[in-house]
1. With label points built 7 Å along Cα→Cβ from the Cα atoms of Cys329 and Arg67, find their separation and express it in nm.
2. Using only the Cα atoms of the range 236-335, what are the Rg and Dmax in Å?
3. Taking the Cα atoms of the range 15-54, report the difference between the largest and smallest coordinate on each principal axis, in whole Å and largest first.
4. Can you tell which of Gly41, Gly101, Gly254 shows the greatest fluctuation in a Gaussian network model of the chain with Cα springs below 10 Å?
5. Sorted by average packing, counted as other Cβ atoms within 10 angstrom per residue and highest first, what order do 72-78, 218-224, 126-132, 194-200 take?
6. Could you give the alpha-carbon Rg of the range 1-114 over 2.2 N^0.38 Å, rounded to two decimals?
7. Using only Cα atoms, what is the ratio of the radius of gyration of the range 94-233 to 2.2 N^0.38 Å?
8. Using only Cα atoms, locate the centre of the range 259-336 and the centre of the range 111-161, then give the distance between them in Å, rounded to an integer.
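Each value in this text was obtained by applying a stated rule to the coordinates, not by laboratory testing. Keep in mind it's a predicted model, so treat the numbers as computed, not measured. Neighbour counts run over all protein chains shown; Cβ positions are idealised from the backbone, glycine included.
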Amino acid sequence: KILLSVEKLRKQFTKGEAAAVERVSFDLGEGEMLALLGPSGCGKTTTLRMIGGFETPDDGRIALNGRDITHLPPEARGIGFVFQDYALFPHLSVLDNVKFGLRKLSRPQAEARAREMLALVGLEALGARKPHELSGGQQQRVALARTLAVAPPLVLLDEPFSNLDAAMRVETRQEVRKLLKAAGSAAILVTHDQEEAMAVADRIAVMEKGRVIQIGTPDEIYRNPVSAFVASFLGRSNILAGTASGMEVKTEFGTLPLSRAANGAVSLSVRPEQIMLEADPDGPASVVGREFRGHDQLYWVQEGERCMLVISGAGAMIDVGARVRLRICDCVVPLA
Ligand code: ADP
Ligand code: MG
């Protein structure tokens, strides 16, 4: 069932300049987690702030549970918001921070609910502390407990993990996903980190220059990017030229199957892990660089004018300088 429906949202801050957000449309299901993914400045925060009611769209419509909320003030929307800097009240205890949104409940009810939420995020023992006495990850969990305490059907998260160190970030994002799923809340997560988006979101909307250019599950987008921008923003990609005819394409690596039909001259995306590397003293290519990554190796392989990125299993190491042959062993993706 659709919870949130965003239709053709537009926002232009400065006359004569490109709009920050242009015709952004998507639906969000109940309990679904959507990532808005794109580089800095592509309009993610502006989109989120319009949904939250902190920014007025120039055009377009936002509906929550079928009700038009486009022009409601933030507090009338019933949407939870977790900001990048957590925005905890520094002078209030952790418990009082979580109680803050629960003023409609009686005092004992609010107390019980706040303790329950702190237990849910694993901080029941730290309720008396002040926010500055907690780690970044713990503060993040308090902010989330405070937001989830009122059980909003939708939670908006703007780069919520960016203040955490790498290890904390991986752990916290999985916890946050679990908490949202347990509470049954849908969420929109703004991030510029493709790994984070793929790791936690049910679906990803990729944004470029104010527009959503592709939306789908992480798997769909990774396997079938619509453009070179999406292909290289979600993971790494080699771009080749070819001549397509239906579900096949002729390339300098032979005739290859396509992930979707195309015709005529096309650019193609080939993931580094879709290429096989064979040591061959008579091979047409040579290894010009290598990076050991533990579970696999990254190779840069020069063939004529072209340098290809190849990822191959940790098995047989091939030395820099060795002659090799490349084989593409999967279907390739035609790009717009
Ligand atoms: P992101 O979150 O993807 O980094 P933003 O939505 O913050 O992108 O910004 C999109 C564009 O809108 C940027 O060019 C930014 O400079 C501009 N912008 C954002 N907020 C304002 C504002 N309040 N006034 C003027 N320009 C803004
Ligand atoms: Mg932003």
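1. Simple spin-label model gives 5.6 nm for this pair.
2. Gyration radius and largest Cα-Cα distance of the range 236-335: 13.8, 40 Å.
3. Principal axes ranked by extent give 39, 22, 17 Å for the Cα atoms.
4. Top of the fluctuation ranking is Gly254.
5. Ranking, from highest mean packing down: 194-200, 218-224, 126-132, 72-78.
6. Against the compact-globule rule of thumb, the ratio is 1.26.
7. 1.19
8. 46
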